[in-house]
Structures are given as structure tokens and as C-alpha cells.
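A quick write-up on the structure given underneath.
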Amino acid sequence: MAMPPDAKQEVKPVKVSKPRIDCIDGCRFALVFPIVIAHFARFGTNNLTALKLLTQENVLVGGFFVISGYVSAYTSTKLGERKAEDKKLANPELFFWQRVMAYYPLHFVVSAIFAPMFIQVERWYNTPWTTSAFRAFLNFSMLQAWFPKEAEIWNQPTWFLSALTFSNLTMPTLVLPQVAQLSKNGLQKLFVALTGISLLQKVSYSETSRFHSSKEHPVNGQVMHPLIWNLTRFHPFWALIEMTMGVAAVRHVMLDTEEDKKKPTTNPLWMFLAAYASLGLRLTKFDFNDAIIRSVLFVPIFTKFLTQIHRDAISANPAPITRFFGSKPMATLGSIAFPMFILHGPIGQIFYKKILAKKIWGAPMPTAFFPFYLLICLGLSHLTNEYFVKNKKVSAISGKVAQFLGNWHKASLMLRQRTFSTGQDDTVPSTAQQRCSADGASCKAVVSLLDEREAAESVWIADMSAVAQKIDADAKAMPLPPDVKKDAKPVVKASKPRIDCIDGCRFALVFPIVVAHFARFGTKNLTMLKLLTQENVLVGGFFVISGYVSAYTSTKLGERKAEDKKLANPELFFWQRVMAYYPLHFVVSAIFAPMFIQVERWFNTPWTTTAMRAFLNFSLLQAWFPAEAEIWNQPTWFLSALTFSNLTMPTLVLPQVAQLSKNGLQKLFAALTGISLLQKVSYSETSRFHSSKEHPVNGQVMHPLIWNLTRFHPFWALIEMTMGVAAVRHVMLDTEEDKKKPTTNPLWMFLAAYASLGLRLTSFDFNDAIIRSVLFVPIFTKFLTQIHRDAISANPAPITRFFGSKPMAMLGSIAFPMFILHGPIGQIFYKKVLARKLWGGPMSTRFFPIYLAICLGLSHLTNEYFVKNKKVGAFAGKVAQFLASWTEGMLRDRA
């Protein structure tokens, strides 16, 4: 981030010491104790009103993540300066393992002590030993939060540690150094953006299930969609968002000026009461489910309470509530919050888990015993805190283990050294470089949602039409910041050669997808259907190409820098990319809207649902909603996911990834592949690993909503798009020596990528999710880098010349129109309820080639007379300019 002109004035003349904020410890107990009660409340009272009020642990736990981020940022960033503590973040691996070893020892010991109990209970339920072993692995590796079906295994509350561990992994390189650079204005925008993303996900879940707790989260614990609910409340991505909200909140306080400190503080009591009063909505007609209450009310209000109590604690006259939470009794209770959180689950199972309590006590303990259960939890938590958590020997062992693990993984999180030389790897960084490496730009791309400065580049569309050319012209005309001209340039300006073969690769992805969507109407051969219906694998290649082209056009060749000129106005950059594909989406949606609506009428779909689907379609939000992702024109979920990914490009992804060396890019690609694979394995464990069980040719899947979240969610699209960015940057940093090396024939990687689809026909018929993340996307990405290098070599291979030929370039140019048009056209001929009205039934298999020919012909006409139309391009450019002016500053930190 460029420092403002007065940055030098911000350097502290005298070292500022951070006062200890004891009241934060007391706040922890105010969260833990109601959670402990909630988990076994139904054994403490039979009063339904009390149960409604008490069983809201899924709301309260959001406060824990906020506090975790709050404390992490307070201890690791500088007071009064827009900087992180270089000393603390210089070794990100050690930072991470120290955080983990602060809680893992107790988790490990408690899990080991109670493991016989957990396993015996599973034996009584005839759980297979393989499942017990898998659960033990998830428990001790703290990966359970990634698996919706296994998130609450063994000691249920420890899913929190699983999600916290992933969040901690991002702190020293992704979150803390970057958020620390923001001004108060930027922090406010970040907090609003994170709240918005969190709310969008909660509304998505609620629309899939129910908005009201009486329907979705009844006191008997039976929910309508338990796996979707588990993904909503347990997934590490959402924990990371709330933890980052805590980081943004404390940084806002830490940047208070002397004038700010002189202002009278607000009594924190009112925000505290407001936060907990939000739980009372369960007793009213506004009984929104836990997800909505948590994201809309409790977390934002509780975060505001933390900032107020913080400011009040360092004031001259703290309010009574601040002194209460900072008192010794509350500090003591706060210190046992963590042991109590870990212990209360196994203790509760001993007294209340039916199958276990019957063996020990004859039945679960009566309601009169509940206060004694709470006392036992308090007593054992105190003893655990005194004799284990505070034990110096335990701390010493934990510290040594953290040091060992930090050394073992040394440099695995150090992805960037800031020496913008030639793109060569910096294997021996200087001390200054080591300090800079804590910024970890590559991890930024892993979980990009964390910076409110977002925007982007849509790729495979933006580069293939007159609209795109208009966009590039607009970008060149953008006003430059004053310091752009001062940027150092290479002695000889390197021009980027056009890589025409990428256009041809687009058609190699689009055409099989078009075939796949209606393949069952083209053949009855089951073997052919298995082979052809893998559109969910192939679409991953689109996101990779999108990132690939976006980075190629917006970052510098041979330099570890982004194109400042193109990214100077991130709002304009984003809207230009959106307007490269939105006009055609809008026109096609409007033309076919009567058909979509009429079909819904025949299915007696409520008008409210139709209206919502229209809104999601035109706002490009459908990919966030698993129950509505394939509404109207089904393939356009891709545009929805692409739009979110584009939003992150100009401020989060491109500038950060552009700074990476080849070594850092390789680490980033491996990390992104690992996260993608972990999510796909999570889905597969929930459903089935094999396509014959999960994605049969009749289209009936076991868990359609989980499947939709796996293949459609914008986060996973962003990961694949960033993989494309990392891949092209690796090629762009090739030195002259690299370019002299003989290139590999891209044909073999191309064949290997498409051969992975053939696994469907073997005993290794893994589902589409596994094939996509393990084989197709990594191999196809490698193919793109090979064909790129081969295209700029002296003697390109035949496959490179083929994909770069005029016929393939022409077919590539109609890939986007074909992708948009084939869905509505296919519905006319093959959607049963519609085809019956028009043709008496779906068209025969012999008609299928004609359908494909119609798609090709109409796509060509659309491309020639709409996509390439200069008036359409000019109008799209003006709309982009207007929207950029309207949203000016929203993606930038205005210090």
C-alpha cells in the first residue's frame, strides 16, 4: 500500500506501550458460560420458553471468533501506527505454531483421556472401525470443521479449534500485515464488506432452509437441512471472516489520535445489553434463525461493544461495567473460559448422553442435577487451568514443540520477498526482506474475501470482443495517480505477445459442456453418458483461463509488479469487466424471461419465488444460493461466481500475486490446490467418492444442496481463478535462460487432462469434484503454461499452431455466446413441460446434432451482431464509467 504524504509524521517519536485490557478476559466468560448451558439446556429445564432463549450457542460462538481476532491484532500490530509488529510476524511459521500450541496440548490431553469413552459409544452404535479411525484422525488433526457430517464428532465444541486453526494460519501473512496498513476509513469499509459477505451467506442458507428459528432450529434439535446448517455455522471460511472483523475493530481503536482519546467515551453497557437482547428475538414473532441473528445483530453489536469497552478501559474514568469485567473475579473466570469450553462436552456426555448415561446411572441425570453439572464444570476447569494450562513444564514443552514445527515448516508461509528484480527466486533474503516476507501476499489470494478493497478482471470473455477492446481503450484513458510516472521501468520495455491459442482452448472447454448439459437427449448409451456428462469437471478450466488472461493483461512481463495504469481505478476496472459479459446476459434473460416464468406457472411456483429468482438472475447472485443456483438460464451461475471473483482482482489478488517470486507462486499454487482438494474430499465424505453413486446419468444426486455448494460457490471459483493467476505469473517471470530451454510439447498435458475424464469408465470412477481438483484443473493449468511457452518459442508444436489458428480463434470467439445461449435453446427442445406444449414431447435423439448446429449458428450471429457491435460496446463502456463514478472509493482505502 502506498503511504500517504504525511506518513513520516506518523512515525512515533517515543515508543508507545500497549496498556493491558483486562476487561476482555471477563468478556470471554460472558460468552462461554451461556454456551456451556446451551449445549445441555434441555436436561436442565422442560420449559419451552426457557429452552428457546437458552439454546443459542450458535449465535454466541461468533463472539469468540471476534475476540480471537481482536486480541491477535492488539498483540501483533503497532499502536498508533499503520503497521504490524515486524518482530512478531518476521517468522510466520513460528507465529502460527505458537498460537496452535496455546490450545492444542489441552485439546490433545482431553481427547486422549476421553477417547476410550468416545470409541466405546461408537461401538454401541455399531460404527465401523474405519469410521472411528477417520474421526480420530479428524479430531487430533483438527480438520473436523471442514467436514459437515463429522464436525461435531467426539468432543463436539472443539470444531471451534478446527476453524480457529485455519484462521490462525492466515493471520501472520494474509490478515494482520494487510489490515494493519488500512486507515480508519479503510477499516470501516472492510468491516462493512465482511459483514455483507457473512450476511449474504446466512441469507443463502436461510432461503434454502427457513428464516425463522421455530422452523429451522427447534428445541428438539431437529433441523431441516443439517449438513447445510453445519456448513453455515462450522465452516472455517466464515470463522475467518468473523475473526478478521475483530482485527478490523481493534485496529480502529489502536489508530485513535490524541483528539479522539479526549472525546467522551460511550458507556459500553448499552451495547452489551443490545447484543444479548438480540437473543430475545427468539421469543417474538421476529424469531429469525441463529444464522441471521448472529450476522445481522449479535456479531456487529458485540464487536461495537468490544471497541467501546476498550476505549473506556483506557479512559480516565471507566464505566462500572468496564470495571466489573476487568475485576479480579471476572479475570479469574475469564482465565477458565478455555478449559471450560473444552471440558464441558465430555463431562456432559457422561451425565446426559443417553446410551452412556444408561450404562453408568441407569438414565440421563434429572433436571435437578443440572446446577451440579455446571459446578463440576467450573471446578474441573479451575483445576485444569491451575495445574495444566498454567503449568510451566507444559508451557516449556509447548514452546519447544512450536519451535520445532516452526523450523520444520520454515519458509512454507514466507511467500514473498520484496525485491522487484527480474523474477528470479530470492533464496537468501536480507533481513529487510525477511521482515517483508511476513506480509505473505500469496496467502492473500487463498482467502481473498478478507480485504474490502476488491475488484477484478473477467477474462475469457473480456478478451474476445469489441466490448473488450472498448474496455482496454477506457483503461488506457484512466487518470493516473501522481506517483505512477515515477515507477522504475526496465531498460527495454517488454511488449506482451498475443497468445492466440488461449482463445482456441476456450472452445475446447465450451463445446463438451454444451454437449453435456443435454447429452441424455442425444444418446441412450450409458457408457457414452458417463463419459459426456462431466461438465462440472470441465468448468474448472474456465475459471483457470479467466485468471490466466486477467493476470496476463494486468501484470508486468518480466517484473514482479502489477500494471499500475490498469489497476489505478479498481472500481472502473471491476465494472468494465462486468460490462464485458453482462449486456448479453441481460438481453438473453429478458428475451427468454416470459418462457422461464411460464414454465414456473405450469409448476405452480409462487410469484414470490419467481420474483426472487428474477432478482437473483439479473443481479448475478444466484451462485450464492444452493437451492437457486441453476434458475432460469442454468449455465449463468458461472457469471455469478465470476463476478465475485472479479471483485477481488484489482486490489486483492492481482497486485499481491504479482509480487511473488517463482518459488512463492509454486507455494501458492500448491496451497490453493490443497484447500480445493480438502473441500472436495469434505463433500465426497459427506456423500460418495465415486461418480456411480454420486452423479448417476439420471441426474439424481444424494445431497443436491451440498453438491451445489461444492460446484457453484463463488469462493471455490475464486480459488481456481487465482490458480490461473499464479500459473501465468510463473511463465511471465521466465528469464532469458528459461526461454532458451526446450519447450515441452503441450499435447501430452492436454491429452492427460481430458484422459482424466475417462476414469468414469474404470473402477477409479471418482466423482466430478475429486477429478476436477486432483487431476483436471492442475493438469489443464500445466497445459496452459506449456502451450503459452510453446506459443512464444521459435518453433511451436502442431497443437499450439492448431489452437492458435484462425478457425479455432473464431470458434473461441463464439464460446461465450454459445455458453449463454445453449441453455434456453436446449429448454425449448428438451425441457419436458415446455417441449410437450411445442412439439408434443422432447425432441428425439436424432435431432441432437441439429440442436448443436442451431447453437453454433445462433452463437456466431450473436457474436457478430451483438458482442462485436460498436454501439453495444460504447454503451457498455459508458455504463461502466457511470457505475465506477457512482461507486468511487468503495474499493479503495482513503486515508
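The table that follows gives values for the structure above.
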item: Contour excess over end-to-end distance, with Cα ends at Phe802 and Leu838 and 0.36 nm allotted per residue; result: 8.9 nm
item: Protection proxy ranking of 726-732, 117-123 - average other beta-carbon atoms within 10 Å, highest first; result: 726-732, 117-123
item: Label-reachable residues, the stretch 724-761, where backbone N falls under 19 Å from a point 7 Å from Arg498's Cα toward its Cβ; result: none
item: Long-range HN-HN contacts of Thr555 with modeled amide H, under 5 Å; result: Glu563
item: Computed label-point distance, nm, for sites Phe764 and Ala853 using a 7 Å Cα→Cβ extension; result: 4.0
item: Per-peptide average of other Cβ atoms within 10 Å, ordering 69-76, 230-237, 241-248 highest first; result: 241-248, 230-237, 69-76
item: Efficiency of FRET between Ala670 and Ala752 - r from beta-carbon atoms, R0 25 angstrom, step 0.05; result: 0.85
item: Theoretical gain in end-to-end length, Phe286 to Met595 [0.36 nm per residue, Cα-Cα removed]; result: 107.6 nm
item: The stretch 281-315 residues near the modelled Gln156 label - backbone nitrogen below 17 Å, point 7 Å along Cα→Cβ; result: 290-291
item: Long-range HN-HN contacts of Phe288 with modeled amide H, under 5 Å; result: Ser213
item: Amide hydrogen neighbours beyond the local backbone of Ala84, cut-off 5 Å, H modeled; result: Lys78
item: Phe140/Thr367 FRET efficiency (R0 41 Å; Cβ-Cβ; nearest 0.05); result: 0.75
item: Rounded FRET efficiency, nearest 0.05, which uses the C-beta distance separating Asn795 from Leu200 and R0 of 51 Å; result: 0.50
item: Hz values of 3J(HN,Hα) by residue in the stretch 52-66 - Karplus curve (6.51, -1.76, 1.60), Gly and Pro given as x; result: 4, 6, 8, 8, 10, 4, 6, 7, 5, 5, x, x, 5, 5, 4
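Throughout, read-outs are computed from the coordinates displayed, never taken from laboratory work. On a predicted model such as this, the values are computed, not experimentally measured, just so you know. Neighbour counts are summed over all protein chains in view; Cβ atoms, including those assigned to glycine, are modelled from backbone coordinates with ideal geometry.
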